[in-house]
Amino acid sequence: MALKLGIIGCGGIANSHMHGYNALGERVEATACCDINFKKAKEFAERYNIPHCYDNCYDMLKNHALDIADVCTWNAAHCECSVAALEAGVNVLCEKPMAMNAAEAEKMKAAADKAGKLLMVGFVRRQGDDAARAIELIKDGTVGDVYFAKATYLRRAGFPGGWFGNKALSGGGPLIDLGVHVIDLTRYIMGCPKPVSVYGAAFDKLGARENVRRDGGAWISQTEVDKPVFNVEDLAVAMIRFDNGALLEVECSFNLNLKHEKGDIEIYGSKAGFSLGEFELHTVVDHELADIKLNGDHRFEFQRDMDKEMKNFVDAVEGKAACLAPAEDGVALMKILDAIYLSAQTGKSVEIQ
Ligand SMILES: NC(=O)c1ccc[n+]([C@@H]2O[C@H](COP(=O)([O-])OP(=O)(O)OC[C@H]3O[C@@H](n4cnc5c(N)ncnc54)[C@H](O)[C@@H]3O)[C@@H](O)[C@H]2O)c1
C-alpha cells in the first residue's frame, strides 16, 4: 500500500522533495499539499498532479488520513506544522533547521514520542557519499583519534533574500541557515559527541548586500516580500567543545569580504587529517610527511542526496531502515545554535546542559 503524503509549504525546497518522492514510484501517493499562500499550493498541486490543496495544514490533516507529512515551510512554522501533523498521527520529515530554537525542537520531539511516530530532520548532508566515506575512514582507524574539526560555509555575496533575513521567520542568519548543515554533518561524522560548551560571535557589518551583484549559484528564496527585512547576523563564528574533549571550529556567512567562497569540513585526527572537499589524507609515512589522495568519487550531490533523504524517510517509516537524522540530533543541534547566539550576545562562553 502506498504511503499517503501531504506537503506543508509549497516553496522552493518542496520541489526538490517532490523529485525524491516521485523517484519512489508507487510507494508514495502525493495526496494533498498546503501553503498559507493558496496560489502557491494550487500551482504546486497542478505541477505534481496532487488531487487536493489547502491554505492551511489543519484542514489538510483533518480531511485526509495521511501516513507522512513533509514540512517545507519557512523556519518559524516548522514547530507548529510538525506538531499538528504528529498530533494527527502522521509521521513527519521536517526541513532543517528543525526549529527556531531548542525549546521548540524539544516540543516537537515530545509530540513525536507521545504519538509514537517518526520525526526526521532534513539534514540532507548526512545522506552524502562524502559523509559515509568519512565515517568509514574514522571507524576503520585510518584517522586515529579525532580531536579537532572545522566546519566552514562562507559565502561572499549569498544572502538568499525573501524571509531569510527576517529573524521572526528565520530565527537567525547564516548560522541557523548554513551553519546548521555543516555543524550537524561534522558532529555526525565525529560520532555525535555531546556538546558541552560554546564560545561564539556574530556580526552584521555588511547586511543584505543588496547593491552587490551576486556571485555563484547560492540558494534564492522563492517567497517575494514587500519590504525586505535584514535583522540577522551576516557572519557567525564559534568554537564548540564536546564531552570527549574534541573541538569544532565553525565559520559561516551570507556576506563576507573574502576571495573564494568556501563550504567544507576538515577533520583532524591523531593519525591523519582530511577534508571532505578533497579526500586527501595528510599523514606521516615512514617518518615522512605524506599526502595521499583517495581515488574514489566521494561527493555530496544535492538532488541525488535529497532523493536519498526521501527514500530514507519512507524506508524508516516502513521499518526497512534506520532513520539517518532522528529528532534527538535536531534537538542537540538547536541547543548548540541557541548557545552560540547567547554567547555572541553576552561575549561569554555558554555551557550546554
Ligand atoms: N536542505 C536544504 O539544503 C535546504 C535548502 C533550501 C531551503 N531549506 C529549508 O527549507 C525551508 C523552506 O525554504 P524555501 O527556500 O523552500 O522557502 P520558500 O520561501 O520558497 O517556501 C516556504 C513556503 O512556506 C510557506 N509557509 C509558511 N508558513 C506556512 C504554514 N504555516 N503552512 C503552510 N505553508 C507555510 C510560505 O508561504 C512559502 O510558500 C526552510 O526551512 C529552509 O531552511 C533547506
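Any residue in segment 80-89 that is touching a helix residue (DSSP H, G or I) at 6+ places or on another chain (Cβ under 9 Å) and in contact (Cβ under 8 Å) with a residue 40 or more places away in the chain? Steps first, answer last, please.
From segment 80-89, those touching a helix residue (DSSP H, G or I) at 6+ places or on another chain (Cβ under 9 Å) are 80-89; that's our starting set.
Now narrow it down to the ones that are in contact (Cβ under 8 Å) with a residue 40 or more places away in the chain: 81, 85.
Among the residues of segment 80-89, at least one is touching a helix residue (DSSP H, G or I) at 6+ places or on another chain (Cβ under 9 Å) and in contact (Cβ under 8 Å) with a residue 40 or more places away in the chain, which makes the answer yes.
Note on segment 15-52: residues that are on the phi > 0 side of the Ramachandran plot and among the small types (Gly, Ala, Ser) amount to 1. Check whether at least one residue in segment 302-312 is among the acidic types (Asp, Glu), in the same structural domain as residue 200 (by TED's automatic domain parsing) and not in a strand (DSSP E or B), and report yes or no. Checking segment 302-312: not a single residue is among the acidic types (Asp, Glu), in the same structural domain as residue 200 (by TED's automatic domain parsing) and not in a strand (DSSP E or B).
Test of understanding: among 85, 110, 102, which residue is within 14 Å of the ligand (Cβ to nearest atom) and not acidic (Asp, Glu)? Explain how you work it out, then say what you get.
Details: 110 fails: within 14 Å of the ligand (Cβ to nearest atom); 102 fails: within 14 Å of the ligand (Cβ to nearest atom).
Selected residue: 85, the only one of 85, 110, 102 that is within 14 Å of the ligand (Cβ to nearest atom) and not acidic (Asp, Glu).
Within the bounds of segment 174-184, is there any residue that is of a type in the set (D, E, K, R) and away from the ligand (no atom under 16 Å from the Cβ)?
Pass one, segment 174-184, residues of a type in the set (D, E, K, R): 177, 184.
Filter again for away from the ligand (no atom under 16 Å from the Cβ), leaving none.
No: segment 174-184 contains no residue that is of a type in the set (D, E, K, R) and away from the ligand (no atom under 16 Å from the Cβ).
Would you say residue 65 is among the small types (Gly, Ala, Ser) and more than 16 Å from the ligand (Cβ to nearest atom)? Taking the combined requirement at face value, the residue satisfies it.
Report, by residue number, each residue of segment 32-49 that is out of contact with any helix residue (DSSP H, G or I) (no Cβ under 6 Å at 6 or more places or on another chain) and surrounded by 22 or more Cβ atoms within 10 Å (Cβ to Cβ).
Once the filter is applied, which keeps residues that are out of contact with any helix residue (DSSP H, G or I) (no Cβ under 6 Å at 6 or more places or on another chain) and surrounded by 22 or more Cβ atoms within 10 Å (Cβ to Cβ), segment 32-49 yields 41, 44.
Residue count for segment 138-190, restricted to those that are closer than 18 Å to residue 333 by Cβ, touching a Ser or Thr at 6+ places or on another chain (Cβ under 7 Å) and outside any helix (DSSP H, G or I): 2. When the test is whether a residue is out of contact with any His (no Cβ under 8 Å at 6 or more places or on another chain), among the polar types (S, T, N, Q), within 16 Å of the ligand (Cβ to nearest atom) and on the phi < 0 side of the Ramachandran plot, residue 211 does not pass it. Has segment 205-217 got any residue that is outside any loop (DSSP other than H, G, I, E, B) and surrounded by fewer than 17 Cβ atoms within 10 Å (Cβ to Cβ)? There is no residue in segment 205-217 that is outside any loop (DSSP other than H, G, I, E, B) and surrounded by fewer than 17 Cβ atoms within 10 Å (Cβ to Cβ).
When 289, 248 are screened for being in the same structural domain as residue 214 (by TED's automatic domain parsing) and either over 19 Å from the mean Cα position of the chain (by Cα) or not in a strand (DSSP E or B) (or both), only 289 passes.
Looking at segment 81-128 only, could you name the residues that are closer than 15 Å to residue 6 by Cβ and in a helix (DSSP H, G or I)? Scanning segment 81-128 gives 81, 82, 83, 84, 85, 86, 87.
The values are calculated or read from the model by the stated rules, or taken from the named source; none is laboratory data. No experiment lies behind these values; they were computed from the predicted model shown. Reconstructed Cβ throughout: ideal geometry from the backbone, glycine too, with neighbour counts over all protein chains shown.
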